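Worksheet for the structure shown next.
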Amino acid sequence: GAKFLLATDHARVRGQAVEALGRDAVVWHEAGGDITRQTVAGHAGALVDMLLLSLCDELVVTTMSTFGYVPSALGGRRPLVVGFHATCLREVTSQPCFHKWSYLFNASCYDRRAMLSEEVRYCGMYTPPDRLPDGIW
């Protein structure tokens with residue numbers, strides 16, 4: 001049967017996945033200790049999760065998720081993206097997207113003409129660079 005590799009730092013989500021899909025169908029990398037983003041071990045576990053996800057046959061990810069877009073790019077797979085309002089769409093590319101535009105737009109070195117190309121895109125949507133506003137968010 002199908003196996004689902006779950007990458008989450010929430011024990012509650014693991015329980016929900018097991019309840020919905022069955023214990024035999026859900027697997028995850030057990031890093032040991034508490035699930036946390038606050039330690040070196042937690043970050044190492046996150047990296048292992050992303051590398052394992054990149055080896056999956058299919059990826060179902062949430063919009064604007066590093067845990068979705070990095071494995072998609074590494075594995076060269078176009079993910080199914082679960083977006084807002086429970087929509088689910090196949091991404092047009094496995095190329096990662098830039099989901100925190102405000103960091104770029106607020107940077108003192110920002111120059112739209114020099115820094116954005118046709119390959120740069122928002123997560124979950126694409127807007128040509130010449131149509132981007134000077135400030136987003």
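If R0 is 41 Å, what FRET efficiency do you get for residue 107 and residue 29 from their C-beta distance, rounded to 0.05?
0.75
How far, in nm, would the chain grow between residue 89 and residue 58 when pulled straight, counting 0.36 nm per residue and subtracting the alpha carbon separation? Mind dumping the intermediate values first?
Working: separation 31, 0.36 × 31 = 11.16 nm, distance 1.30 nm.
The span from residue 89 to residue 58 would gain 9.9 nm if fully extended.
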Expressed in nanometres to one decimal, the distance between label points 7 Å along Cα→Cβ at residue 78 and residue 18 is 3.6 nm
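Each value in this text was obtained by applying a stated rule to the coordinates, not by laboratory testing. Please read these numbers as outputs of a predicted model, since none were measured by experiment. Every residue, glycine among them, receives a Cβ derived from its backbone with ideal geometry; neighbour counts consider all protein chains shown.
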